[in-house]
Amino acid sequence: MISAFRAAVAWIAFGCFGILGASIDLHTRARRPSVSDTNQFDVVERTVRWDLTKTAVVVCDMWDKHHCPDATERVGELVPRMNDVIKNARRQGALIIHCPSDTMGFYKDHPGRQLAQSAPKVDTKVPLQGWCSLQGAKEPALPIDDSDGGCDGCPDCPNFRAWSRQHPGLDIVEGDAITDSAEAFYLMRQRGLTNVIVMGVHENMCVLGRPFAIRQMVAQGQNVLLMRDMTDTMYNHRKRPYVSHFVGTDLVCEHIEKYWCASITSSDFVGGPAFRFKEDRRKDVCFIVGENEYQTWETLPQFARKELDWRGFRSSWVVASPKDGDPQFKNWEAISKADLLVVSVRRRTPPSAMMQAIRAHIEAGKPVAGIRTASHAFDAKPADDGFEAWAGFDDEVFGGDYQGHYGNKPPKDPPTRVTMIPETAGSPVLNGVDNEFQSTSHLYKNRKLFRTVTPLLNGRIADGRGETEPVAWINSRDNRRAFYTSLGNPDDFANPNFRRLLLNGMLWCLDEFIAPSELKQLDYGGRWQTLKVPGTWEETSQGQLARYDGVAWYRCWAKVPTDWVNRTALLQVEAVDNAHEAYVNGRKVGSNGSFPPAYSSGLDRTGQYDLGKSALLPGAWNLIAIRVYDHDGRGGFKGRAPALICGDQAMAFAGDWQFRTGDDPSWATPDDSHPE
């Protein structure tokens, strides 16, 4: 007589599943390169119908315990919802494959383990590996730095194998499989399963790299989806890109949606809103804008999109027209929901109800940041009793004492020279800000600061006229955080120092982690920076361009020997990822691959471009410009550096090149930036 245990195995092995399958609509999200802007990805949402009897649900490394206590806690949060998803998928005919790696000894006698072992080995498109690392040809570096192991709550906790089994809150029932190897794919192939839904932890590690996980299942030609709300990362917010743990998880999900597969949420299986961890609370920043001089109705939204959105902050806008004195602010009801108010207002008197909302925010101890005219934001005469002034806003909130300005307005007058104050130079609000820079904002008079103010930056007219005035400070009055800077004209918003100062000030107000100075973000789109060639820009920018795909330009100045006069020369350019065009002194001399909309890769080809006898100027400076399009993965020079060849002479240009993201044909034309 066959035992009950062996009977269960035999019943499964003969395919007597006894379940009537069902199709399900899945709401997928992917990211594709934008047609209109090659530097961006567009979110693409589609509804697909999958037959769950042809679907495997892979549960990745949902261990009972992790060496990181925070990771263990978050897994515990995921378990109840995940178990409901698994039950629903199982009920509709999906095969559930439990993959708690390194714990097969615990399950050695389990029917589910023997089910996985019973699947015959099959030939695969590419070899299935125990681990599949970052695929440089297909994807850039991950958008987070997990080099420290990624433990967020206790970054110094020891790394050890704390797990012994899958979390007991996830049911393993008759018909489920248990494995941590290529057996998962063998089982899928045996049953003709071509769809795979991956859930579990950790998104930046095992969910991508295991033999049953995303990279390797995509490589085998499976239809793969990530369940993005049923996962987590190992990411420490003290590491690049210095965002919250949960935003780090979002960034990895975006990476997967760009380079590997689309994602879904658990709502498709159990209804309701997507799952969110209890500690995952995104903060609201409310911008109050009403001024007629400095165009902050344009510069602040651009700043929020570039600096705040991807960091997980939500922005709301309370705006009045640029008409001088207009008190009619729209959407002021958003103030009550704000974690931070950012004020850019000049002499307006809002409706009394709006002013009450502002006062309520401040009386609740919530933070406020202000730029430029915020020092006299509400100092005006109200039109009638329905509107309200607040002449003491500067003193009571920012701790300032605005007394007018010096009127130095470039280009007619000298700019303002901004310098750090030595006694407070160690403030995190100044991380990544240069010790000295210039501003075209005319200097405000603000010498009498309240005793709770910590001044950070001073300003003085560049020719030495007038007095030294504080131009940025923080205030901790009444245990409330406030940041203010009198800078903030359009030129300032183009200055990386000001943008970093404003970002840091807002982060300080919200008591968020501020990135250290040594990783100050360079403005690769707004001005020429220096990068090494050869190499990809993801690597040579120390990861600052890890999230950048699209068009960029490299430029190098070359002074060629005078004996090259009237001699034919070649420009050799090799292994540029993905397509490129080469220019010499403004003239296009060759290309490999093609740019969107008819994109094709030229990565595997070397260009030797004939310059004839007249393209170069022997004895003078010559501009070599390479326009590059990176479709995905890493962009730049993956082979040797470009070289000029003339007869038996050659000049290779390995070293520092000018680099800039974006696209402007004029960048191929020589200018006055050549060496002297």
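The values are calculated or read from the model by the stated rules, or taken from the named source; none is laboratory data. Small disclaimer: the values here were computed from a predicted structure and weren't measured. Quick reminder, even Gly has a Cβ in these numbers, built from the backbone with ideal geometry, and neighbours come from all protein chains shown. These accessible areas exclude ligands, DNA and RNA; they are computed on the full protein's heavy atoms, side chains included. Shrake-Rupley method; radii C 1.70, N 1.55, O 1.52, S 1.80 Å.
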Boolean, residue 189 is touching a Cys at 6+ places or on another chain (Cβ under 8 Å) and part of a helix (DSSP H, G or I) | no
Per the list (1) open to solvent by less than 40 Å² (accessible area, probe 1.4 Å); (2) polar (S, T, N, Q); (3) in contact with a strand residue (DSSP E or B) (Cβ under 9 Å, 6 or more places away or on another chain); (4) over 18 Å from residue 144 (Cβ atoms), residue check on residue 216 breaks on (3)
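Residue-by-condition table, conditions (1) within 19 Å of residue 531 (Cβ to Cβ); (2) surrounded by fewer than 17 Cβ atoms within 10 Å (Cβ to Cβ); (3) not β-branched (Val, Ile, Thr):
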position: 593; (1), (2), (3): no, no, yes
position: 597; (1), (2), (3): no, yes, yes
position: 647; (1), (2), (3): no, yes, yes
position: 654; (1), (2), (3): yes, yes, yes
Residue 234 versus (1) assigned to a loop (DSSP other than H, G, I, E, B); (2) at pLDDT 95 or above; (3) surrounded by fewer than 20 Cβ atoms within 10 Å (Cβ to Cβ): which is the lone unmet condition?
-> (3)
Is one or more of the residues making up the range 566-587 aromatic (Phe, Trp, Tyr), more than 27 Å from the chain's Cα centre (by Cα) and modelled with pLDDT of 95 or more?
-> yes
Taking the range 532-543 and keeping only residues that are at pLDDT 80 or above, outside any strand (DSSP E or B) and open to solvent by 20 Å² or more (accessible area, probe 1.4 Å), one is left with 534, 540
For residues that are open to solvent by 10 Å² or more (accessible area, probe 1.4 Å) and closer than 18 Å to residue 328 by Cα, tally how many sit in the range 279-295.
-> 3
Any chance residue 627 is modelled with pLDDT of 95 or more, crowded, with 20+ Cβ neighbours inside 10 Å and closer than 18 Å to residue 534 by Cα | yes
In the range 546-573, anything crowded, with 21+ Cβ neighbours inside 10 Å and in a loop (DSSP other than H, G, I, E, B) is listed as 546, 549
Determine, yes or no, whether residue 304 is within 29 Å of residue 632 (Cβ to Cβ) and not in a loop (DSSP other than H, G, I, E, B).
-> yes
With 374, 380, 389 as the choices, which residue is crowded, with 16+ Cβ neighbours inside 10 Å and either of a type in the set (D, E, K, R) or part of a helix (DSSP H, G or I) (or both)?
-> 374
Evaluate the range 136-158: report whether one residue or more is of a type outside the set (Gly, Ala, Ser), modelled with pLDDT of 95 or more and either within 30 Å of residue 537 (Cα to Cα) or in a loop (DSSP other than H, G, I, E, B) (or both).
-> no
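Condition check: on the phi > 0 side of the Ramachandran plot and either basic (Lys, Arg) or not in a helix (DSSP H, G or I) (or both). Does residue 200 satisfy that?
Working: on the phi > 0 side of the Ramachandran plot: yes; either basic (Lys, Arg) or not in a helix (DSSP H, G or I) (or both): yes.
So residue 200 passes the test.
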Filtering the range 322-364 down to residues that are assigned to a helix (DSSP H, G or I) and over 26 Å from residue 503 (Cβ atoms) yields 333, 352, 353, 354, 355, 356, 359, 360, 363
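Could you say whether any residue in the range 58-66 is basic (Lys, Arg) and in a helix (DSSP H, G or I)?
The answer is no, given that none of the residues of the range 58-66 is basic (Lys, Arg) and in a helix (DSSP H, G or I).
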May I ask you to verify whether residue 526 is assigned to a loop (DSSP other than H, G, I, E, B), closer than 25 Å to residue 312 by Cα and in contact with a Lys or Arg (Cβ under 6 Å, 6 or more places away or on another chain)?
-> no
Only one of 575, 641 is touching a Pro at 6+ places or on another chain (Cβ under 7 Å), under 30 Å from residue 143 (Cα atoms) and among the aliphatic types (A, V, I, L, M), namely 641
Which listed residue, of 30, 56, 71, is under 30 Å from residue 150 (Cα atoms), surrounded by fewer than 19 Cβ atoms within 10 Å (Cβ to Cβ) and either touching a residue at least 12 places away in the same chain (Cβ under 8 Å) or in contact with a Ser or Thr (Cβ under 9 Å, 6 or more places away or on another chain) (or both) | 30
Selection count where residues are under 14 Å from residue 501 (Cβ atoms) and either not polar (S, T, N, Q) or not in a strand (DSSP E or B) (or both), scope the range 420-479 = 25
Go through (1) more than 21 Å from residue 510 (Cα to Cα); (2) open to solvent by less than 10 Å² (accessible area, probe 1.4 Å); (3) of a type outside the set (D, E, K, R); (4) touching a residue at least 60 places away in the same chain (Cβ under 8 Å) and name the single condition residue 443 misses.
-> (4)
Looking only at the range 308-318, decide whether some residue is assigned to a loop (DSSP other than H, G, I, E, B), touching a residue at least 24 places away in the same chain (Cβ under 8 Å) and surrounded by fewer than 16 Cβ atoms within 10 Å (Cβ to Cβ).
-> no
Residue pairs meeting the criteria (Cβ under 9 Å; at least 6 apart or on separate chains; first in contact (Cβ under 8 Å) with a residue 40 or more places away in the chain and at negative phi, in the range 167-182; second in a loop (DSSP other than H, G, I, E, B) and of a type in the set (Lys, Arg)) = 167/65; 180/210; 181/210; 182/121
